[in-house]
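J.: Can you read through this structure? Questions will come right after.
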Amino acid sequence: QMWEEAIALGKELAEQYENEMFDYEQLSELLRKQAQFYENIVKVIRPKPDYFAVGYYGQGFPTFIRNKVFIYRGKEYERREDFEARLLTQFPNAEKMKTTSPPGDDIKTSSGQYIQCFTVKPKLDLPSKFHRPVSEQIVSFYRVNEVQRFEYSRPVRKGEKNPDNEFANMWIERTIYVTAYKLPGILRWFEVKSVFMVEISPLENAIETMQLTNDKINNMVQQHLNDPNLPINPLSMLLNGIVDPAVMGGFTNYEKAFFTEKYMHEHPEDHDKIEKLKDLIAWQIPFLAEGIRIHGEKVTEALRPFHERMEACFRQLKDKVEKQYGVRAVLSALEERRGSRPRSMVRSFTMPSSSRPLSVASVSSLSSDSTPSRPGSDGFVLEPLLPKKMHSRSQDKLDKDDLDKDKKEKKKEKRNSKHQEIFDKEFKSTDISLQQAEAVILSETISPLRPQRPKSQVINVMSSERRFSVSPAVPGSQLSPPPVTPRAKLSFSIQPNLELNGMSSSDIPDVPPPLPLKGITADYGNLMESQDLISPTTSPPAHQRVSP
């Protein structure tokens, strides 16, 4: 399950397949494996093995391990007791030491065999490529892999013992072990090359403990957000252990030990550290709030009383902390996931075959009734046509889903109102006194079923049964409409049996005269509303527009 290492080797192979061998079949298979490895890193939870420090003391051991310390990597879910039993089977005459402190010379020079074993914690050493915060699922691999430094902490009491608060004088003696190579390697154990020790003051220990607790809450919350099927029991124990003061006491012991006038007077150099500890306590509240929210969503009815008690304890804790240390706000994971509206969610008011913007009426549903009706019926409001080319979607797609009519209607109203605002804003600067024109469009007050356009606005091409929306041409207008993507011009030819604007084709000369100037915006391309426009006996060929 060391997929990170497999990906690194795969990249080397991919370079060979792509640029040296030109074996694209092997390359494609390798890239598919790498994609699966990346998915496993994010989705699969891997067990974290423990590391153990083992010291072999006494002259009875072979020289290559005598009086030396090694760091071992345990197996998955292997406890220290099981590891010790496995270790002692190799040296049945060895004696297990009871303490974790380094032995004296008497033991090192004795003729016997003494084995010292205890658990050590690997120290995270992130690669330099992680220069910004990343997911815990990615970082968790490096917490137990590619590690070379290990630490063992042992509590040491200094000064007078305080029976009421043990944190006031609890120092930490921390031993750092550095191995010869990073673990895991070609072996599961490597020799320790250097050892040094540091002391952690009680206040520094409190800061470190609070930081680890906050990180633990945040990591568990992220795990539950990424995988909703995780069991809730670990989250319940973690939250209850922090929120319920009867279990662990929380940070109340820190307040009694470090936030007193006596301690501040005796340790004025720790003022910055005390402020940092207060800040960590205040930041714990939003992390707990998110964890309790997730716990409330996933809790079963059997654990509902337990959750309610935990919520009551949290409310008391929250009021106290916010009153003393201020309010901290963290972005909710749900809001963080929402973020800004993604581009894929923004509905594009564009026809699929071109980049032409649609009109307000074009986003409405079409009528399933094939009988054309006049505009203005069924509660439609008529408006004069603005000096912009308006186009509608094909009427072949009909809305037949009556069950979801109400839900769709709400979405249409919201969508159309938004589009109408953009439409109004675009033409706000055009101040034209428009008279009532013959061509009209639909306003945003749209009923669920829209009637078809009248024959005065539609040219029926019988050969292909296609309908084209004829756009208005406004000669002499000084306004330039917003730029749209040009479309292939439609051409029309005049047939002998077809009448245009009351004139037969015989009356029309080969070179037509220019169109007269008019004071209103009229649709010169629209045909008269007449039932005798197209002869039913002959099928006209493709039309050609009469150019002025």
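J.: How big is the charge dipole of region 202-333 about its Cα centre, in debye rounded to the nearest 20, if each Lys and Arg gets +1 on its Cβ and each Asp and Glu gets -1 on its Cβ?
T.: Computed charge dipole of region 202-333: roughly 400 debye.
J.: Just to confirm, what accessible area per residue do you get for region 202-333 at 1.4 Å probe, in whole Å²? The partial results should precede the final answer.
T.: Numbers: 7180 Å² over 132 residues.
Accessible area per residue, region 202-333: 54 Å².
J.: Residues with beta-carbon under 14 Å from that of residue 87, excluding residue 87: net charge, scoring Lys, Arg +1 and Asp, Glu -1?
T.: Charge balance near residue 87 sits at +1.
J.: Under a crude label model (7 Å from the Cα following the beta-carbon direction), how far is residue 6 from residue 66 in nanometres?
T.: 4.5 nm
J.: OK, next. What is the sum of charges around residue 207, taking Lys and Arg as +1, Asp and Glu as -1, for the other residues whose C-beta is under 12 Å from the C-beta of residue 207?
T.: Around residue 207, the charge tally is -3.
J.: Let me know the Kirkwood hydrodynamic radius for region 1-108, please, with Cα pairs as the basis and the value in Å to one decimal.
T.: Result for region 1-108 stands at 18.0 Å.
J.: Here's another thing I want to ask about it. Set the Förster distance to 51 Å, then compute FRET efficiency between residue 39 and residue 157 from the Cβ-Cβ distance, nearest 0.05.
T.: Working: r = 50 Å, r/R0 = 0.97.
Approximately 0.55, to the nearest 0.05.
J.: Shape verdict for region 202-333, please, from the Cα gyration tensor: rounded (a/c under 1.5), prolate (a/b greater than b/c) or oblate.
T.: Details: a/c = 2.37, a/b = 1.98, b/c = 1.20.
In terms of gyration-tensor shape, prolate.
J.: What dipole magnitude, in Debye to the nearest 20, does region 46-200 give about its Cα centre under +1 on Lys/Arg Cβ and -1 on Asp/Glu Cβ? Mind showing how you got there, number by number?
T.: On the way: 26 positive and 19 negative charges, 101 e Å.
The dipole of region 46-200 has a size of about 480 debye.
J.: Additional query: Using a 1.4 Å probe on the protein heavy atoms only, what accessible surface does residue 194 show? Give it in Å² to the nearest 10.
T.: We get 50 Å² for residue 194.
J.: Averaging over every viewing direction, what projected area does the convex hull of the Cα atoms of region 3-43 cover, in nm²? Don't skip to the answer; put the middle values down first.
T.: Working: hull surface 9.5 nm².
Its Cα hull, projected and averaged over all orientations, spans 2.4 nm².
J.: Using θ = phi - 60° and the Karplus curve 6.51 cos²θ - 1.76 cosθ + 1.60, what whole-Hz ³J(HN,Hα) does each residue of region 311-320 get, with Gly and Pro shown as x?
T.: 5, 5, 5, 5, 4, 5, 5, 5, 4, 5
J.: Say each of residue 22 and residue 118 gets a label point 7 Å from the Cα, pointing the same way as Cα to Cβ; how far apart are those two points in nm?
T.: A separation of 6.3 nm, rounded to one decimal place.
J.: Can you compute 3J(HN,Hα) from phi for each residue in region 147-153, using the Karplus curve 6.51 cos²θ - 1.76 cosθ + 1.60 with θ = phi - 60°, rounded to whole Hz and x for Gly and Pro?
T.: 10, 10, 10, 9, 9, 10, 10
J.: While we're here: What percentage of all Cα-Cα pairs in region 46-200 are separated by more than 23 Å?
T.: Everything past 23 Å amounts to 47 percent.
J.: If I stretch the segment between residue 88 and residue 199 completely, what's the gain in nm (0.36 nm per residue apart, minus their alpha carbon distance), one decimal?
T.: 36.7 nm
J.: Next question, about the same structure. For residue 283, what accessible area in Å² do you get when you roll a 1.4 Å probe over the heavy atoms of the protein chains, rounding to the nearest 10?
T.: The value for residue 283 is about 80 Å².
J.: Which order do 42, 69, 139 take when ranked by solvent-accessible area (1.4 Å probe, heavy atoms of all protein chains), largest first?
T.: 42, 69, 139
J.: Another one. Amide H to amide H under 5 Å from residue 180: which residues, 5+ apart in sequence or cross-chain, H placed 1.01 Å off N in plane?
T.: Under 5 Å from the amide H of residue 180: 191, 193.
J.: Let me ask another. Sort 3, 189 from largest to smallest accessible area, using a 1.4 Å probe on the heavy atoms of the protein chains.
T.: These residues rank, largest area first, as 189, 3.
J.: Here is a follow-up. Each residue of region 50-60 in turn: what ³J(HN,Hα) in whole Hz from Karplus with 6.51, -1.76, 1.60 and θ = phi - 60°, glycine and Pro shown as x?
T.: 8, 10, 10, 8, 10, x, 10, 10, x, 7, x
J.: Structure shown: which of 273/298; 129/276; 43/193; 48/193; 68/129; 11/75 lie over 30 Å apart, alpha-carbon to alpha-carbon? Working shown, then result.
T.: On the way: 273/298 38 Å; 129/276 28 Å; 43/193 37 Å; 48/193 24 Å; 68/129 35 Å; 11/75 28 Å.
Correct reply: 273/298; 43/193; 68/129.
J.: Heavy atoms only, probe 1.4 angstrom, no DNA, RNA or ligands counted: give me 100, 63 ranked by accessible area, highest first.
T.: 63, 100
J.: Amide H of residue 120: which non-local residues (sequence gap of 5 or more, or other chain) have their own amide H closer than 5 Å, using H built in the peptide plane?
T.: When sequence neighbours closer than 5 places are left aside, the close amide H contacts are 51, 52, 53.
J.: I've got another one for you. Starting from the Kirkwood Rh over alpha-carbon pairs, what translational D in µm² s⁻¹ does region 261-309 have by Stokes-Einstein at 10 °C and 1.306 mPa s?
T.: 117 µm²/s
J.: How big is the shadow of the Cα convex hull of region 178-225, averaged over all directions, in nm²?
T.: So the Cα hull casts an average projection of 5.6 nm².
The values are calculated or read from the model by the stated rules, or taken from the named source; none is laboratory data. No experiment lies behind these values; they were computed from the predicted model shown. Neighbour counts are summed over all protein chains in view; Cβ atoms, including those assigned to glycine, are modelled from backbone coordinates with ideal geometry. Just so you know, the surface numbers come from the protein's heavy atoms only, side chains and all, with ligands and any DNA or RNA stripped out. Shrake-Rupley method; radii C 1.70, N 1.55, O 1.52, S 1.80 Å.
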